[in-house]
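Notes for the one structure printed next.
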C-alpha cells in the first residue's frame, strides 16, 4: 500500500489560495483516477479538484470553508499498487510505519478538533469575511475579540485592515485582551448570548458593535419561504456593499445613434458566422469602442490603493455576464485594445459560453481594469451600475430601440426612425471628475456613431 498526497493545484498566476466549499468524497470512499474529490472556490470561480490516482480516501486535512494555499496537501489517498510515490525505507522502518502513522493521524485529528472548536466563528450573529476569519485563526484571535473590534466597514463590518491593526496593537500592548478571551470557546458554545463580554469593551467600540448587531425587523408569515443565500450571492452582496461604501459613485448618461451599426451587423452577420464559426452580437462592437476610448483617456484605466493612483499599463475589459442561477460573474478580456473585431467577438463568445457552463478558470476573472455591463439584454433602457473595485468606472449598455428622431440634412431637418441606445457611465468621483467621466463616455458614443458601414470584419 502507498499513500498519495493530494495537493491544491495551481489555478492561475494570480490565484494563491482557495476555499473548500464541499467534500465530494468522504473518508473510506473509493476514488478513481481523475474523479473529483472536492469542490473549491476562489473569489469568483468554483471548480473541482480531481484525484491523480485511484485508491481509498483515508484522510481529509481540511474541512469545509477552510482556506487552503496552492500547493498545500488537502487529502491523503491510499493506493493499492505503486501508483503513488514512496520513499525508500529499510524493513524495520516499514514495520514501524503503520503504528507511527496511526499515532500521527490521531494527533492530527485531535489538533484539528481543538482548532475547529476554539476558532469557530459560525455562532456569531455578525458577518466576517473568509479572509478576516482566516487571519483571526492564524493570529489566535478569538470570537470574543473579533466581535469587539471596531470595524470601519459598513455597519461596523470588520475589514482586513481592521483586524491587522488590532493584531499589531495587541502585540505591541496597545490594547488589552479581555480575560474572558481565555474561555471564549466554551462561552460561545454554552451561552446563547455574547453581550456580556461586549460590556467590558472600550466605550469607543460600543456604538459600532451595537449598530452592527441591529437589523431591520422582517415580518414573516406562514406562507413565506426563507432561503439562505448561496456562497456566490453572499460574495456578490459583500462586494456591492463594499464598493458603494468605498467609491463616491456619480453617473453620466448619453444617447447614441447606432443605426449604422445595426444596418452593418444585419448585412454581415450571416457571412461572419459562416467564415468565423462565431455569432456576431453587438457586444464586441461596443467593447471595441470602449477599448479605443480607454486609450484616448488613460485616466479611466486606473485603480485606487489608499491615497495612491495606479495607472494600468494594459487595457483589460471586464464583461459582466449573468449566470443561469441568477448570479453574476465578470470574466476579463485581456489586452482588449490589441484585438480586432474578429478577435473581440471570439473572446466575448468564449468567455460568455464558458461562464454559462461554469467552465471559467480563476485567471479568467482576474486583472480587469474597466468593466462593461449590458443591461439592455433584459430590456433596460439605462442603469446605474456599481463600480467593480478597485476599478474607477463601469459602463452600462442600454437596449437598442427604434425611436423618432430629428435628422439634420443640407436640405433641412426632418423626423425619421433611428436606432438609439443610452450609455450609462458610473465613475468614482474620488479620482474622476465630471469632465473626464463625461468626456470618456462621449468619446465612446463618437466611435459608435462614426462606425464605418463599408468596413470589413
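Just to be sure before I move on: is residue 394 under 23 Å from the mean Cα position of the chain (by Cα), in a loop (DSSP other than H, G, I, E, B) and surrounded by 19 or more Cβ atoms within 10 Å (Cβ to Cβ) in the structure I sent?
no
Identify the single condition in (1) surrounded by fewer than 19 Cβ atoms within 10 Å (Cβ to Cβ); (2) under 31 Å from the mean Cα position of the chain (by Cα); (3) more than 22 Å from residue 374 (Cα to Cα); (4) touching a residue at least 40 places away in the same chain (Cβ under 8 Å) that residue 438 does not satisfy, given that it satisfies every other one.
Result: residue 438 passes all but (3).
Can you find a residue in region 373-382 that is in contact (Cβ under 8 Å) with a residue 24 or more places away in the chain and within 17 Å of the chain's Cα centre (by Cα)?
Yes, region 373-382 contains at least one residue that is in contact (Cβ under 8 Å) with a residue 24 or more places away in the chain and within 17 Å of the chain's Cα centre (by Cα).
If we only count helices (runs of 4 or more DSSP H) wholly inside region 149-243, which ones have 2 or more residues that are modelled with pLDDT under 50 and in the same structural domain as residue 136 (by TED's automatic domain parsing)?
Here the list reads 184-190, 195-199, 206-213.
Mind telling me which of the residues 69, 60 ends up being surrounded by 16 or more Cβ atoms within 10 Å (Cβ to Cβ) and modelled with pLDDT of 85 or more?
60
May I ask you to verify whether residue 383 is closer than 29 Å to residue 296 by Cβ and either in contact with a helix residue (DSSP H, G or I) (Cβ under 6 Å, 6 or more places away or on another chain) or outside the structural domain of residue 238 (by TED's automatic domain parsing) (or both)?
yes
Take the conditions at negative phi, exposed (fewer than 15 other Cβ atoms within 10 Å of the Cβ) and touching a strand residue (DSSP E or B) at 6+ places or on another chain (Cβ under 8 Å) and apply them to residue 356. Does it pass?
Here the answer is yes, as residue 356 does meet what is asked.
Does residue 413 count as outside the structural domain of residue 306 (by TED's automatic domain parsing) and not in a helix (DSSP H, G or I)?
The answer is no for residue 413.
Does region 427-434 include one or more residues that are assigned by TED's automatic domain parsing to the domain that holds residue 300, modelled with pLDDT of 95 or more and part of a helix (DSSP H, G or I)?
yes
Please find, among 353, 316, 327, 335, the residue that is at pLDDT below 95 and closer than 21 Å to residue 390 by Cα.
That would be 327, the only listed residue that is at pLDDT below 95 and closer than 21 Å to residue 390 by Cα.
Scan region 222-246 for residues that are touching a helix residue (DSSP H, G or I) at 6+ places or on another chain (Cβ under 6 Å) and more than 17 Å from residue 152 (Cβ to Cβ) and jot them down.
None - no residue of region 222-246 is touching a helix residue (DSSP H, G or I) at 6+ places or on another chain (Cβ under 6 Å) and more than 17 Å from residue 152 (Cβ to Cβ), so the list stays empty.
Each row is one residue, and each column tells you yes or no for (1) modelled with pLDDT under 85; (2) under 31 Å from the mean Cα position of the chain (by Cα); (3) exposed (fewer than 14 other Cβ atoms within 10 Å of the Cβ).
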{"position": "3", "(1), (2), (3)": "no, no, no"}
{"position": "15", "(1), (2), (3)": "yes, yes, no"}
{"position": "27", "(1), (2), (3)": "no, yes, yes"}
{"position": "34", "(1), (2), (3)": "yes, yes, yes"}
{"position": "41", "(1), (2), (3)": "yes, yes, no"}
{"position": "46", "(1), (2), (3)": "yes, yes, no"}
{"position": "64", "(1), (2), (3)": "no, yes, yes"}
{"position": "79", "(1), (2), (3)": "no, no, no"}
{"position": "87", "(1), (2), (3)": "yes, no, yes"}
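Quick grid of which residues meet (1) in contact with a strand residue (DSSP E or B) (Cβ under 8 Å, 6 or more places away or on another chain); (2) outside the structural domain of residue 432 (by TED's automatic domain parsing); (3) surrounded by 19 or more Cβ atoms within 10 Å (Cβ to Cβ):
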| residue | (1), (2), (3) |
| --- | --- |
| 293 | no, no, yes |
| 303 | yes, no, no |
| 307 | no, no, no |
| 312 | yes, no, no |
| 317 | yes, no, yes |
| 326 | no, no, no |
| 329 | yes, no, yes |
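Limited to region 366-380, what total is found for residues that are in contact with a helix residue (DSSP H, G or I) (Cβ under 7 Å, 6 or more places away or on another chain) and not in a strand (DSSP E or B)?
1
The values are calculated or read from the model by the stated rules, or taken from the named source; none is laboratory data. Note that the structure is a prediction, hence the values are computed from the model and not measured. Backbone-built Cβ (ideal geometry, glycine too); neighbour counts: all protein chains shown.
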